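Comments concern the structure below.
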Amino acid sequence: MRRIAVIDYGMGNLRSVSKALETVSKQSSIKITADPQVIQAASHIVFPGVGAIRDCMLELKNLELIEVITQVAREKPFLGICLGMQALLSRSEENSGIDTLNIFPGNVKHFDITTDRMGQRLKVPHMGWNKVKQTYKHPLWNNIEQDSRFYFVHSYFASPDSDDVIAGTSDYPDS
């Protein structure tokens with residue numbers, strides 16, 4: 001049986017994430033936890049988050065989760081969602097620049113575009129449905145069609161140094 005740990009550092013959309021996991025993985029045991037031992041023992045890890053990266057990194061430090069997250073992210077199936085995904089890179093432009101976990105070299109950048117190709121003003125944060133292009137075959141994409149639409153709410157985007165770590169991309173504005 002899969003043991004899925006959903007990392008609780010006080011800033012996550014934990015209930016919605018755990019309910020989604022229960023729906024798609026009925027045979028899994030899902031545990032919301034801040035316990036490093038439970039996280040280490042899990043077979044799969046989900047790292048959600050909502051809020052500011054400075055607060056995220058402070059909470060991870062206060063809860064002594066940085067070491068275990070860094071370790072399991074390199075060893076086990078691991079999904080970062082929203083702020084959790086952003087924390088996996090090296091640095092974020094948010095809060096005047098914050099060093100993050102550096103699991104994937106790269107930066108989290110603020111949208112600096114203000115208009116689309118037609119000169120229409122773009123809204124930041126970006127909120128809406130966009131197509132996601134799968135960049136390579138990955139278990140994450142099982143039963144999900146190419147160019148499926150996903151809902152986004154964000155002012156920042158991941159810009160890793162290597163394209164090898166990018167499983168999918170989306171354009172804002174959507175093309």
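This table checks each residue for (1) among the hydrophobic types (A, V, I, L, M, F, W, C); (2) modelled with pLDDT of 95 or more; (3) within 10 Å of ILE4 (Cα to Cα).
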residue: GLN27; (1), (2), (3): no, no, no
residue: LYS31; (1), (2), (3): no, yes, yes
residue: ILE53; (1), (2), (3): yes, yes, no
residue: LEU65; (1), (2), (3): yes, yes, no
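Filter region 113-151 for residues that are farther than 29 Å from VAL46 by Cβ and touching a Lys or Arg at 6+ places or on another chain (Cβ under 9 Å); which is modelled with the highest pLDDT?
Taking the candidates together, the pick is THR115.
For region 103-143, which positions are of a type in the set (A, V, I, L, M), part of a loop (DSSP other than H, G, I, E, B) and surrounded by 12 or more Cβ atoms within 10 Å (Cβ to Cβ)?
The first filter runs over region 103-143 and keeps only residues of a type in the set (A, V, I, L, M), leaving 103, 108, 113, 118, 122, 124, 127, 132, 140.
In the following step, the residues that additionally are part of a loop (DSSP other than H, G, I, E, B) were identified as 103, 113, 118, 122, 124.
Once the filter is applied, which keeps residues that are of a type in the set (A, V, I, L, M), part of a loop (DSSP other than H, G, I, E, B) and surrounded by 12 or more Cβ atoms within 10 Å (Cβ to Cβ), region 103-143 yields ILE103, LEU122, VAL124.
Just to verify a result, which residue in region 144-175, among those that are charged (D, E, K, R) and either in the same structural domain as LEU88 (by TED's automatic domain parsing) or not in a helix (DSSP H, G or I) (or both), is nearest to PHE78 (Cα to Cα)? Write out each step before concluding.
The first filter runs over region 144-175 and keeps only residues charged (D, E, K, R), leaving 145, 147, 149, 161, 163-164, 171, 174.
After this cut, where a residue has to be either in the same structural domain as LEU88 (by TED's automatic domain parsing) or not in a helix (DSSP H, G or I) (or both) as well, the list is 145, 147, 149, 161, 171, 174.
Working: GLU145: 21, ASP147: 23, ARG149: 22, ASP161: 19, ASP171: 24, ASP174: 27 Å.
Only one residue tops the list, namely ASP161.
Are any residues in region 6-36 in contact (Cβ under 8 Å) with a residue 40 or more places away in the chain and either surrounded by fewer than 17 Cβ atoms within 10 Å (Cβ to Cβ) or more than 18 Å from GLN71 (Cβ to Cβ) (or both), and if so, which ones?
Taking region 6-36 first, the residues in contact (Cβ under 8 Å) with a residue 40 or more places away in the chain are 6-7, 9-13, 17.
Once the filter is applied, which keeps residues that are in contact (Cβ under 8 Å) with a residue 40 or more places away in the chain and either surrounded by fewer than 17 Cβ atoms within 10 Å (Cβ to Cβ) or more than 18 Å from GLN71 (Cβ to Cβ) (or both), region 6-36 yields GLY10, MET11, GLY12, ASN13, VAL17.
Using the structure shown, decide if SER155 is of a type outside the set (A, V, I, L, M) and at pLDDT 95 or above.
On the way: of a type outside the set (A, V, I, L, M): yes; at pLDDT 95 or above: no.
No; evaluated as a whole, the condition is false for this residue.
Taking helices (runs of 4 or more DSSP H) that fall entirely within region 1-90, which contain at least 2 residues that are outside the structural domain of LEU140 (by TED's automatic domain parsing) and β-branched (Val, Ile, Thr)?
Ranges flagged: 14-24, 36-41, 66-75.
The values are calculated or read from the model by the stated rules, or taken from the named source; none is laboratory data. Note that the structure is predicted; figures quoted are calculated from it, not measured. Neighbour counts run over all protein chains shown; Cβ positions are idealised from the backbone, glycine included.
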